[in-house]
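Reading through the structure tokens given below for one structure.
The values are calculated or read from the model by the stated rules, or taken from the named source; none is laboratory data. Owing to the predicted nature of the structure, the values given are computational and were not obtained by experimental measurement. Cβ placement follows ideal geometry from the backbone for every residue including glycine, while neighbour counts extend to all protein chains displayed.
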Amino acid sequence: MTNRIIGQERIQSLLTSALDKHRLAHAYLFHGQPGTGKDAVALGLAMQLICKQKMPWGCRQCTTCRQILNLEHPAYQFIQPVPSQPKAMKEEKYLEILRERALERIANPYWPVDYHPELTTLPVISINQVRAIKQSVMLKLGGSAYRIFHISQIDKMTAPASNSLLKILEEPPPRTLLILTTSFPGRILATIHSRCQNLHFQGMASETLQSALEDDWKIETQHAQFLSKMAGGSLQRGLQMADKEFDTHRQTAIAFLEASFDDNYIPLLDWVDTNAINNSKADTLEMLALLQALIRDLMQIQLGFEDRVINTHTLPVLRQFMAKHNSFKADIGIAVISQAIDYIEKNAYLPMALFSLSRRLREAGK
Ligand SMILES: [Zn+2]
């Protein structure tokens, strides 16, 4: 686990240069896919601005940095979407849960916050949270202090809250920095976009991901290498796949492929019976993404590049499949899975979508 800044050298140098030239914007909008370090950079920038040692991205040792990391510094406020307070829950308990989850997010900004089981409604950034920002903006800070508002997942802000935030962005108070982060910039008011300096966070290089998974999450080299190649530039995705469930999805994907090519119809019926009916849409999409990666590996085997196979654990199974179905057109396989993913995302009936995919995969083998 870590909250250090991983990769994002371009963003780091842009911000460092702005700081050096005293040209920091009053508001930033960090956007990019989940798990690319937007909130880690926001935290680092906040620490750097008020760190006693003036260390780049904060020294993490001085009282100021430690107060920030404990969410106890008056000049740094971290705001993230929160579920509403259940009627039966005492205010004290509710606030305690929110604080605990905020600390979790600060300790590991690469991992999404889960409010379950205590809180179950959809997390949002409400007008009350923006009102609290407005109130603290009015308070005077001593000396030449900076005040930082770090608002994570701004796309989950309600419409009234967004309008209220706009007023702050229109008349930015002096020595105040707002850092907004989002993985879905398309969901944000254009007027918010235009009042912030937008910085796009690109996906991380797989070497960067691999070393973070090894060094910070203590994942062994071979597995870290595999995860980093599958993660599509997102540390969050890499970490999600490190979960045990992942291997189950992979086994399910292989079973689907094998059943699709079986001359007997029973294995496919059995597969759909156990998987398409019981599994959620999200599980199925995850399984299909893996199936696509497996077929990409089949293509490498076909081309004679076994060293490029990502799913090295399943290499013997893949070799065996390719030996049996050597006319399989992997490129068509990848394309028909993309279409199936598309249909399922648009809420196609799962068993139907999977039966149809199975038939088209088999056709690609002829
Ligand atoms: Zn410090």
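Quick one: in segment 98-120, which of the residues that are within 20 Å of His150 (Cβ to Cβ) and β-branched (Val, Ile, Thr) is surrounded by the most Cβ atoms within 10 Å (Cβ to Cβ)? My answer is Ile106. Is it the case that Gly304 is farther than 29 Å from Ala224 by Cβ, among the small types (Gly, Ala, Ser) and at pLDDT below 95? Judged against the criteria, Gly304 is not a match.
A single member of Leu69, Leu45 is touching a residue at least 60 places away in the same chain (Cβ under 8 Å), surrounded by fewer than 21 Cβ atoms within 10 Å (Cβ to Cβ), within 16 Å of the ligand (Cβ to nearest atom) and within 25 Å of the chain's Cα centre (by Cα), and it is Leu69. When Leu180 is tested against (1) part of a loop (DSSP other than H, G, I, E, B); (2) in contact with a His (Cβ under 9 Å, 6 or more places away or on another chain), just one condition goes unmet, and that condition is (1). Scanning segment 127-139 for residues that are under 22 Å from Leu24 (Cβ atoms), at pLDDT below 95, more than 16 Å from the ligand (Cβ to nearest atom) and small (Gly, Ala, Ser) turns up at least one hit.
Of the residues Leu209, Leu189, which is crowded, with 18+ Cβ neighbours inside 10 Å and more than 28 Å from Ala364 (Cβ to Cβ)?
Values: Leu189 fails: crowded, with 18+ Cβ neighbours inside 10 Å.
It is Leu209.
If only one of Ala348, Ala340, Ala330, Ala293 is of a type outside the set (Val, Ile, Thr), under 16 Å from Asn275 (Cα atoms) and either surrounded by 19 or more Cβ atoms within 10 Å (Cβ to Cβ) or touching a residue at least 24 places away in the same chain (Cβ under 8 Å) (or both), which one is it? Break it down into steps so the answer makes sense when it comes.
On the way: Ala348 fails: either surrounded by 19 or more Cβ atoms within 10 Å (Cβ to Cβ) or touching a residue at least 24 places away in the same chain (Cβ under 8 Å) (or both); Ala330 fails: under 16 Å from Asn275 (Cα atoms); Ala293 fails: under 16 Å from Asn275 (Cα atoms).
Just one listed residue meets the conditions, Ala340.
Looking at this structure, is Gly333 more than 31 Å from the chain's Cα centre (by Cα) and closer than 12 Å to Leu257 by Cβ? No.
Just checking, does segment 121-144 include any residue being among the hydroxyl-bearing types (Ser, Thr, Tyr) and within 25 Å of Thr2 (Cα to Cα)?
Step one: filter segment 121-144 for residues among the hydroxyl-bearing types (Ser, Thr, Tyr), giving 121, 126, 136, 144.
Those still in the list that are within 25 Å of Thr2 (Cα to Cα) too: none.
No: zero hits.
Taken over segment 318-327, the residue count meeting the criterion of being surrounded by fewer than 16 Cβ atoms within 10 Å (Cβ to Cβ) and in contact with a helix residue (DSSP H, G or I) (Cβ under 8 Å, 6 or more places away or on another chain) is 2. The conditions of being hydroxyl-bearing (Ser, Thr, Tyr), in contact (Cβ under 8 Å) with a residue 60 or more places away in the chain and in contact with an Asp or Glu (Cβ under 9 Å, 6 or more places away or on another chain) are not met by Thr176.
Taking residues in segment 107-134 that are under 20 Å from Ile188 (Cα atoms), and partners anywhere that are of a type outside the set (D, E, K, R) and assigned to a helix (DSSP H, G or I), the pairs with Cβ atoms closer than 6 Å and at least 6 places apart or on different chains are Ile125/Ala161; Ser126/Ala161; Ile127/Pro160; Ile127/Ala161; Ile127/Ser164; Val130/Ala161; Val130/Ser164; Val130/Leu165.
Does Leu180 count as at negative phi and in contact with a strand residue (DSSP E or B) (Cβ under 9 Å, 6 or more places away or on another chain)? Against the criterion (at negative phi and in contact with a strand residue (DSSP E or B) (Cβ under 9 Å, 6 or more places away or on another chain)), Leu180 qualifies.
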